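Student: Following this message is one structure expressed as structure tokens.
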Amino acid sequence: NKPRKKTTALSLANKKRQSKKITMVTAYDYPSALHVDRAGIDILLVGDSVGMVELGYDTTQPVTMEEMIHHCKAVGRGAQYPLLVGDMPLGSYEINDDEALRNAYRFLKDAGMDAVKLEGGSKVRALTVQKIVEGGIAVLGHVGLTPQAISVIGGFRAQGRTAIKARALLDDALRLQDAGAFAVVLECVPAPVATAITNALDIPTIGIGAGPGTSGQVLVYHDMLGMLSHPHHEQFVPKFCKQYAKVGDSIMKGLEDFKRDVESSTFPSDEFSPYAMTANEENAFKELLSKDAEERKRRLQELSERLKSSDEYETLGLYGKSD
């Protein structure tokens with residue numbers, strides 16, 4: 001086997017030219033990054049979807065730069081070979097291009113990323129991408145469903161489903177290519193549209209809910225592995241996501257088994273209590289305990305009485321009735 005090399009924007013371009021598919025996974029922490037790295041995935045995106053998947057937000061919009069930097073640092077410590085891409089959160093690149101470049105530098109200098117991702121392909125956004133690329137930072141574009149813009153597009157909806165809107169997506173992707181983006185994510189667009197965009201571009205496309213005609217595919221780590229087994233989360237797994245495992249079910253069973261074993265006093269058994277004393281030291285310890293056993297018993301009884309009195313006081317309601 002050839003020694004594994006670090007994925008770069010150039011190696012991704014070579015993959016497209018050779019018609020080799022590109023793999024990308026969105027993940028957010030050190031353990032996930034280790035697994036993605038060992039699996040040989042080409043690109044690891046630290047997405048602002050961390051807000052919904054790991055931080056409990058309803059959308060990606062509240063995610064901050066500090067939260068993204070924190071998670072990017074963790075991923076960077078776990079993944080050596082994939083191209084690491086940091087997702088620039090809402091408000092970090094829209095105000096002006098100088099601020100966008102300043103924040104993009106933070107992803108490289110502070111968080112250890114190799115590139116950044118921006119949403120949108122308008123003329124204004126293309127100028128921002130150009131500014132960042134000219135500043136020496138690789139940029140991954142993103143068109144189609146752009147979750148940061150759900151206030152404008154009316155929620156998490158598929159895009160490019162009419163001829164005019166599909167053509168507009170192609171124009172967006174071409175602008176991003178001309179601005180210097182090394183690849184473009186196509187999210188939630190009809191397969192024929194994604195294929196047409198892929199064929200029109202020299203740079204690779206990474207599809208998510210965009211059919212098989214793109215240069216590569218991306219899924220979220222938690223979604224594809226079935227990490228979240230709660231019914232509330234299962235109803236939000238995207239229609240386009242194939243689940244390759246049901247890890248969440250195994251996690252739930254493990255937690256329930258642990259609870260049962262502790263409550264039944266079957267854990268820890270002798271097998272999981274490995275630290276022992278010699279018989280002489282154990283006898284010496286018992287002798288030490290016996291010297292003040294009565295005093296400790298008296299103190300324990302006093303403490304128990306104080307706690308009991310305190311508990312009775314706390315349970316009284318405002319008018320003297322128990323809650």
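The values are calculated or read from the model by the stated rules, or taken from the named source; none is laboratory data. Quantities reported herein were computed from a predicted structural model and do not represent experimental measurements. No Cβ is skipped: glycine too gets one built from the backbone with ideal geometry, and neighbour counts run over all protein chains shown. Accessible surface areas use protein heavy atoms only, side chains included; no ligands, DNA or RNA. Shrake-Rupley method; radii C 1.70, N 1.55, O 1.52, S 1.80 Å.
One line per residue, one yes/no per condition, for (1) in contact with an Asp or Glu (Cβ under 9 Å, 6 or more places away or on another chain); (2) at pLDDT 95 or above:
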residue: Thr195; (1), (2): no, yes
residue: Asn199; (1), (2): no, yes
residue: Thr205; (1), (2): no, yes
residue: Gln217; (1), (2): no, yes
residue: His222; (1), (2): yes, no
residue: Met227; (1), (2): no, no
residue: His233; (1), (2): no, no
residue: Cys241; (1), (2): yes, no
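Student: Specify the residue that is least open to solvent (accessible area, probe 1.4 Å); the eligible residues are those in segment 254-291 that are outside any loop (DSSP other than H, G, I, E, B) and either of a type in the set (A, V, I, L, M) or in contact (Cβ under 8 Å) with a residue 24 or more places away in the chain (or both).
Tutor: By that ranking, first place goes to Ala284.
Student: Do the conditions hold for Ala168, that is, is it at pLDDT 90 or above and farther than 21 Å from Ala115 by Cα? Spell out how you get there, then give the answer.
Tutor: Working: at pLDDT 90 or above: yes; farther than 21 Å from Ala115 by Cα: yes.
Against the criterion (at pLDDT 90 or above and farther than 21 Å from Ala115 by Cα), Ala168 qualifies.
Student: Continuing with the same structure: Would you pick out the residues in segment 80-102 that are open to solvent by less than 10 Å² (accessible area, probe 1.4 Å), part of a loop (DSSP other than H, G, I, E, B) and either under 27 Å from Lys5 (Cβ atoms) or in contact (Cβ under 8 Å) with a residue 60 or more places away in the chain (or both)?
Tutor: Pro82, Met88
Student: Which residue out of Val139, Val85, Val133, Val189 is within 16 Å of Thr214 (Cβ to Cβ) and among the β-branched types (Val, Ile, Thr)? Give the derivation first.
Tutor: Numbers: Val139 fails: within 16 Å of Thr214 (Cβ to Cβ); Val85 fails: within 16 Å of Thr214 (Cβ to Cβ); Val133 fails: within 16 Å of Thr214 (Cβ to Cβ).
One residue alone meets the criteria, Val189.
Student: Mind checking which residues of segment 171-205 are part of a loop (DSSP other than H, G, I, E, B), open to solvent by 20 Å² or more (accessible area, probe 1.4 Å) and over 18 Å from Val116 (Cβ atoms)?
Tutor: Cys188, Pro190, Asp202
Student: Can you name every residue in segment 108-123 that is farther than 16 Å from Gly141 by Cα and surrounded by 20 or more Cβ atoms within 10 Å (Cβ to Cβ)?
Tutor: Correct list: Ala111 only.
Student: Let me ask something else about it. Has segment 28-40 got any residue that is without any contact (Cβ under 8 Å) to a residue 40 or more places away in the chain, part of a loop (DSSP other than H, G, I, E, B) and open to solvent by 60 Å² or more (accessible area, probe 1.4 Å)?
Tutor: Yes, some residue in segment 28-40 is without any contact (Cβ under 8 Å) to a residue 40 or more places away in the chain, part of a loop (DSSP other than H, G, I, E, B) and open to solvent by 60 Å² or more (accessible area, probe 1.4 Å).
Student: Still on this structure, please answer the following. For segment 50-79, what are the residues that are outside any helix (DSSP H, G or I) and not charged (D, E, K, R)?
Tutor: Passing the criteria: Leu55, Gly56, Tyr57, Thr59, Thr60, Gln61, Pro62, Val63, Thr64, Ala79.
Student: Does Arg157 fit the bill of being open to solvent by 50 Å² or more (accessible area, probe 1.4 Å), modelled with pLDDT of 95 or more and either among the charged types (D, E, K, R) or under 25 Å from Asp58 (Cα atoms) (or both)?
Tutor: Values: open to solvent by 50 Å² or more (accessible area, probe 1.4 Å): yes; modelled with pLDDT of 95 or more: no; either among the charged types (D, E, K, R) or under 25 Å from Asp58 (Cα atoms) (or both): yes.
No: the conditions fail for Arg157.
Student: Also, quick follow-up: Kindly establish whether Ala111 is under 24 Å from Leu174 (Cα atoms) and not basic (Lys, Arg).
Tutor: no
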